[in-house]
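The values are calculated or read from the model by the stated rules, or taken from the named source; none is laboratory data. The structure presented is a predicted model; accordingly, all values stated were derived computationally and were not measured. Here Cβ is always computed from backbone atoms with ideal geometry, including for glycine, and neighbour counts include all displayed protein chains.
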Amino acid sequence: MARPHKDQLRALTDEESQWLLKLSQSRMAPVSHVQRAQLLLEIAAGKTYMDACRITGRRSSDKVGELVTRFNQEGLAAIRLRHGGGPPVTIGPEQRALIVSEARRQPTIEQDDTATWSVTLLRRALNKKGLKVSRDTVWTVLREAGFTWQRDRTWCDTGRSRRKRKRGVALVIDPDTEAKKGIDRSRVSGR
């Protein structure tokens, strides 16, 4: 016989139930968020923790109990993922703001040696400003801020590059730029 759980799910407000229903049917949200929303809706409908686990494909009713406790305390914020282990996050809001503002700044060839940012070049520019962060940290902060790496590289001025020549810097233009931009590179393998 299953042991009783300490906390029962509190009554959902209309706004919470609508938001959970919308999230539970989403195809764009992370799977963990969708499953948590489905679990909470099943429990709100009167199902036991174990039945809700079976319906949503989970294994542990204890984890469902922890989710219910967190939902009762935090509300809808209990749905999102939290730090999953490893070293603690040591970057603060000031450093995050600096990374995002630097990414939004248009790089110059004279100052940054590039006309467009890559994560590595952005990290080097941040290191010059005194912020020592890893490439992974920069990428994580940018993703959280809504930056994406576009597969078609429309954000990048492709096909134009500055080359050093004996007589100075020359602008080299690739005549096949538009044809190359149309290729789906995810299906092209170099190996």
Of the conditions (1) under 30 Å from residue 121 (Cβ atoms); (2) not assigned by TED's automatic domain parsing to the domain that holds residue 122, the single one that residue 97 does not satisfy is (2)
Just one listed residue, out of 66, 102, is surrounded by 13 or more Cβ atoms within 10 Å (Cβ to Cβ), within 30 Å of residue 129 (Cα to Cα) and of a type in the set (Asp, Glu), and it is 102
What do you reckon, is residue 34 more than 20 Å from residue 136 (Cβ to Cβ) and in contact with an Asp or Glu (Cβ under 8 Å, 6 or more places away or on another chain)?
no
When region 116-148 is checked residue by residue, the ones that are modelled with pLDDT of 85 or more and within 25 Å of residue 162 (Cα to Cα) are 119, 120, 121, 122, 123, 124, 125, 126, 127, 128
If we ask which residues in region 95-118 are without any contact (Cβ under 8 Å) to a residue 24 or more places away in the chain, under 15 Å from residue 144 (Cβ atoms) and of a type in the set (Gly, Ala, Ser), their number turns out to be 2
